[in-house]
1. Given Cα pairs under 8 Å that are at least 6 residues apart, what percent is the relative contact order of the chain?
2. Would you be so kind as to identify which of Ile165, Ala122, Phe89 lies farthest towards the positive end of the dipole of the chain, taking Lys and Arg as +1 and Asp and Glu as -1 on Cβ and the Cα centre as origin?
3. Output the 0 to 90 degree angle, nearest 10, between the alpha-carbon long axis of helix 125-134 and the longest principal axis computed from the alpha carbons of the chain.
4. Please identify the GluC sites (Glu not before Pro) of segment 1-81 that satisfy two criteria: DSSP loop assignment and at most 15 other Cβ atoms within 10 Å. Which are they?
5. Given H placed on each backbone N at 1.01 Å, which residues far from Lys76 in sequence or on other chains put an amide H within less than 5 Å of it?
6. Using the alpha-carbon atoms, what tilt in degrees (0 to 90, nearest 10) does helix 2-24 show relative to the longest principal axis of the chain?
7. Can you work out the FRET efficiency for the pair Asp125 and Thr9, with r the C-beta to C-beta distance and R0 = 35 Å, to the nearest 0.05?
8. When N is the residue count of the chain, what does its C-alpha Rg come to as a fraction of 2.2 N^0.38 Å?
Amino acid sequence: MKKGVSILTIILILIAVLFFIRLANPVELDDLTPGIPCESDLIEKANILWVIPDFENNSIAQNKPWCSEILELNKKLGIHGVKHSYNEFRENITQAEIQRGMEIFKECFGFSPTMFKPPQLAISDEEKKLIKDSGMELMIGGNQITHKVYHCNDSDIIKNWMVRIF
Ligand SMILES: [Zn+2]
């Protein structure tokens, strides 16, 4: 009985530690693009905005008012896939497509992206290499566990309301 209580205590401490780690780490917002409605409070909360450059063939560079609106927020911006189609980065995306995504981003914001986060956090070894060759920093690994990550369209298994609480 006593042993059971102490294991529970350890679990509770670990949850509390994780809670404070998540509180201290930068808040991220995924799937930001003009074609996906996004609550303004989520955008305000976030420290890092993950932008989809060409969602459903709508290049963000063609929406200059949107570009300046996002830029004026003065947040860290990263690139989140190119089109963000399902399993985009498990299906042999080419260096040219990655370059295109980077160029669209640059045309929109005036600087090249330095951070990359693959859709669904799924990426093959070959594509990891392509990202490395592009000069961008790949951001995966424990992201959703150690960071609060919201999604504009609330599409993730981990819902925005859960992220708000924990
Ligand atoms: Zn996403």
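The values are calculated or read from the model by the stated rules, or taken from the named source; none is laboratory data. These numbers were taken from a predicted model, which means no experiment stands behind them. Glycine gets a Cβ as well: all are built from the backbone with ideal geometry, and neighbour counts include every protein chain shown. For accessibility, only protein heavy atoms count, side chains too; no ligands or nucleic acids. Shrake-Rupley method; radii C 1.70, N 1.55, O 1.52, S 1.80 Å.
1. Working: 254 pairs, mean separation 43.1, N = 166.
Relative contact order here is 26 percent.
2. Ile165
3. Helix 125-134 and the main axis of the chain meet at about 60 degrees.
4. Glu39, Glu56
5. Leu49
6. 30
7. Details: r = 41 Å, r/R0 = 1.17.
Efficiency for this residue pair is about 0.30.
8. The chain yields a ratio of 1.16.
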